[in-house]
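Below is one structure, written out as structure tokens, with a few remarks after it.
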Amino acid sequence: MSQLPDSSANYCYRHPNRQSFVLCQRCGRTICPECQTQAAVGVHCPECVRESRQSMPRTRPAVVTAVRRATGTDAPVVTYAIMALCLLVFIAEAATGLLTSRTGSVVYSALAYYPPLTVVQPWRMVTSLFVHASVLHILFNMFSLFILGTQVEAMIGRVRFAVLFLLAGVGGSVAVLLLAPGVVVVGASGAIFGLFGAYFIIARHLGANATQLIIVIAINLGIGFVVPGIAWQAHVGGLVIGALVALVFVRTRARNLRIPQVGMLIGVGALLVGLSGIGVALIGA
């Protein structure tokens, strides 16, 4: 016949029939091995462990945080929309023959930019930004756009980012028209170089050290001059116009300068139209 022990301090407070000489480091209650939770110093009882967990700040997994940040109200939706459009166009290219013959793709032929067609089909200067010639081409451009576009869009906002991307892309097409009127060009790299130029101007305006960015820009420009099949003219044109647009943005940040800002951006667009007219005239000469 067994006899339960009395409520002595040498017995576990949760299991009165288990003798123990170990105390909870926080509350001082006696706890048996089953009730002990190892802590940084000593052991804790179940109640103290529960209270500690409830008082701890709740943290979300890194993946959940990244997804919420990417889909929240401040998400770079314009960058994502451009990437999605490029992917959709590339799928359409593949479906119409790009993987077997570039010239056999109806989508490629309809959207690529060929300078002699500027007068009759000027929209190609924009549509060519969303066309890509190979899987490697689109992967490289979309990776660059994801890394750079999300940063620049967060800095200047969605509408300004869309304006920057389009003007820089057209700037790249205009440079091709002026410097290489006999080539067919596709890809978002001209606009992406515009983002490089904009990022550089914004970084300098904020007082940041842009040395590393200059090196990255120089390396990428250099690749265009060395590797055949790359329209370096579009890179240079996009870089210059992107920097010019960013300069407009940083000089007209105040709310009372919105109208001058819009006027200057229209001026940049007019400059591109004028340069396009010169390029068309040179082709026809």
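Taken together, the values in this text are just the output of simple stated rules run on the coordinates, not laboratory data. Predicted model only: the values in this text are computed from it and were never measured. As a convention, Cβ positions derive from the backbone with ideal geometry for all residues, glycine included, and neighbour counts pool all protein chains shown.
Numbers below:
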| read-out | value |
| --- | --- |
| Selected from C32, C48, Y13, residue furthest toward positive end of dipole (region 1-56; charges at beta carbon) | C48 |
| Cα-based Rg and Dmax for the chain, where Dmax is the largest Cα-Cα distance (Å) | 31.2, 117 |
| Rounded to 10°, Cα long-axis angle of helix 77-95 versus longest principal axis of the chain | 60 |
| Alpha-carbon Debye profile of region 134-236, log10 I(q)/I(0) at 0.18, 0.20 Å⁻¹ | -0.89, -1.08 |
| Coordinate range along principal axes, alpha carbons of region 102-152, Å, largest first | 36, 25, 13 |
| Residues with amide H under 5 Å from that of Y11, placed H, sequence gap 5 or more | S20 |
| Taking the chain and dividing mean pair separation by its residue count, relative contact order in percent (alpha carbons under 8 Å, at least six apart) | 14 |
| Under Karplus coefficients 6.51, -1.76 and 1.60, residue-wise ³J(HN,Hα) of region 146-158 in Hz, glycine/proline x | 5, 5, 7, x, 4, 6, 5, 4, 5, 6, 10, x, 5 |
| Among 82-89, 194-201, the order from most to least packed when residues are scored by Cβ within 10 Å on average | 194-201, 82-89 |
| Helical contribution to [θ] at 222 nm, DSSP H n ≥ 4, -39,500 (n - 2.57), averaged over the chain, rounded to 500 | -20000 deg cm²/dmol |
| Candidates L145, L265, L206, ranked by Gaussian network fluctuation over the chain, Cα under 10 Å, top entry | L206 |
| Among P260, L221, F130 - extreme Cα towards positive end, dipole of the chain, charges at beta-carbon | P260 |
| Cα-centre dipole for the chain with unit charges at Cβ (Lys and Arg positive, Asp and Glu negative), debye to 20 | 660 |
| Long-range amide H partners of C27 with built H, under 5 Å | C45 |
| Whole-Hz couplings from phi, Karplus 6.51/-1.76/1.60, listed for region 219-236; x for Gly and Pro | 5, 5, 5, x, 4, x, 7, 8, 7, x, x, 10, 7, 5, 4, 5, 5, 5 |
